[in-house]
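The structure under discussion appears below in the form of structure tokens.
The values are calculated or read from the model by the stated rules, or taken from the named source; none is laboratory data. Because the structure is a prediction, the values reported are computed rather than measured. All Cβ positions, even for glycine, are placed from backbone atoms using ideal geometry, and neighbour counts span all protein chains on display.
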Amino acid sequence: MKNILFTLSNDFEKFSRSEQKVARFMIDYPREVIQMNAEEISDRTQVSPATVVRLAKKICKSGLPGLKIQVASEIKVDDSLYTEVNPSDDLDVMKHKLEFRISHAIGQTNQILLKNDVKKATDIVEQALDEYIANFEEIYGISLDPIQRKKFAYWLAITLERSQITLLNIKSAKKQIINNDPNFDLMWQWNKKGELTLNQDELYFLYQVIYVFGIIDGNPNYENSYALAHQKNQTHAYQAVMNLALVIKKTFNFQLGTTDLELMFNFIAFHERSTFFMEILTCFSTVPT
């Protein structure tokens with residue numbers, strides 16, 4: 001965390017003339033500043049309240065309220081430490097001033113380095129995810145829209161990280177449904193092409209994700225194949241849609257298009273999404289070694 005009073009002094013020449021008036025007042029009268037609002041400081045410094053607010057936000061992300069809180073903690077330190085080293089200072093004062101400045105510089109440098117490291121790591125992860133998704137689009141012969149890409153990147157990042165800590169054990173009934181979809185083989189091809197090394201259960205999981213969360217939406221070939229797999233296995237989701245069709249027919253004398261596989265896909269995927277998280281909670285099993 002940057003030291004407010006030291007920063008005001010150190011960056012003084014970077015401020016506008018009006019801001020310098022405010023900065024000088026804060027440096028000279030920190031104990032008064034913490035008791036004042038923007039209007040009161042502006043009256044004392046003969047600048048506009050907007051200038052006070054602007055300078056505060058330059059120095060402290062949370063603006064004037066946060067600045068005052070931090071200054072309140074800083075004024076417990078000897079005010080002389082914020083001034084430049086002077087040839088007339090005795091040796092102990094010089095040592096303390098230098099120690100204070102070095103400590104402040106190290107703290108600020110550490111913050112910058114940490115931010116840069118995080119940015120670098122984030123860039124590497126994003127680049128890897130982009131490559132994995134590009135491979136997915138190539139294998140499936142589709143192009144995801146920006147929302148679909150974001151959703152897939154979100155779930156893929158979670159899966160890659162979580163699979164290093166806790167594995168999934170997908171239920172055999174769910175596996176049977178997925179195995180009845182011939183397009184599931186594309187997940188294996190994608191896994192191999194990207195050298196993801198995800199095990200079978202993780203691929204079963206991601207298969208559910210791409211359908212349940214609309215990542216594959218807009219591609220009839222895959223939607224129809226998914227619906228047919230549920231129809232063949234007479235899954236709870238499929239039966240729920242068929243029961244809904246009966247209720248609609250009886251109540252409104254309207255026939256739901258249960259022979260329309262794309263329509264069935266949408267209803268089935270919606271049902272699967274409503275139970276997805278509860279089912280997944282029962283699938284956590286072992287910790288990788």
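Data for the structure
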{"read-out": "Region 158-172: number of residues that are within 24 Å of Ala229 (Cα to Cα) and without any contact (Cβ under 8 Å) to a residue 40 or more places away in the chain", "value": "1"}
{"read-out": "Complete set of residues in region 245-288 that are out of contact with any helix residue (DSSP H, G or I) (no Cβ under 7 Å at 6 or more places or on another chain) and farther than 27 Å from Ile170 by Cα", "value": "Ala245, Leu246, Val247, Ile248, Lys249, Lys250, Thr251, Phe252, Asn253, Thr259, Asp260"}
{"read-out": "Test for Leu198: is it within 34 Å of the chain's Cα centre (by Cα) and in a loop (DSSP other than H, G, I, E, B)", "value": "yes"}
{"read-out": "Answer from Leu206, Leu228 - the residue that is part of a helix (DSSP H, G or I), assigned by TED's automatic domain parsing to the domain that holds Ser274, within 29 Å of the chain's Cα centre (by Cα) and under 21 Å from Phe276 (Cα atoms)", "value": "Leu206"}
{"read-out": "Enumeration of residues in region 209-225 that are in a helix (DSSP H, G or I) and among the aliphatic types (A, V, I, L, M)", "value": "Val209, Ile210, Val212"}
{"read-out": "Residue, farthest from Pro146 (Cα to Cα), within region 215-230, restricted to residues that are modelled with pLDDT of 90 or more and surrounded by fewer than 20 Cβ atoms within 10 Å (Cβ to Cβ)", "value": "Leu228"}
{"read-out": "Hits in region 174-225 - residues which are without any contact (Cβ under 8 Å) to a residue 40 or more places away in the chain, under 17 Å from Ile139 (Cα atoms) and among the charged types (D, E, K, R)", "value": "Asp185, Lys192, Glu195"}
{"read-out": "Region 7-32: number of residues that are buried (at least 17 other Cβ atoms within 10 Å of the Cβ) and modelled with pLDDT of 90 or more", "value": "9"}
{"read-out": "Test result for Ile178, of a type in the set (A, V, I, L, M), modelled with pLDDT of 90 or more and closer than 16 Å to Asn219 by Cβ", "value": "no"}
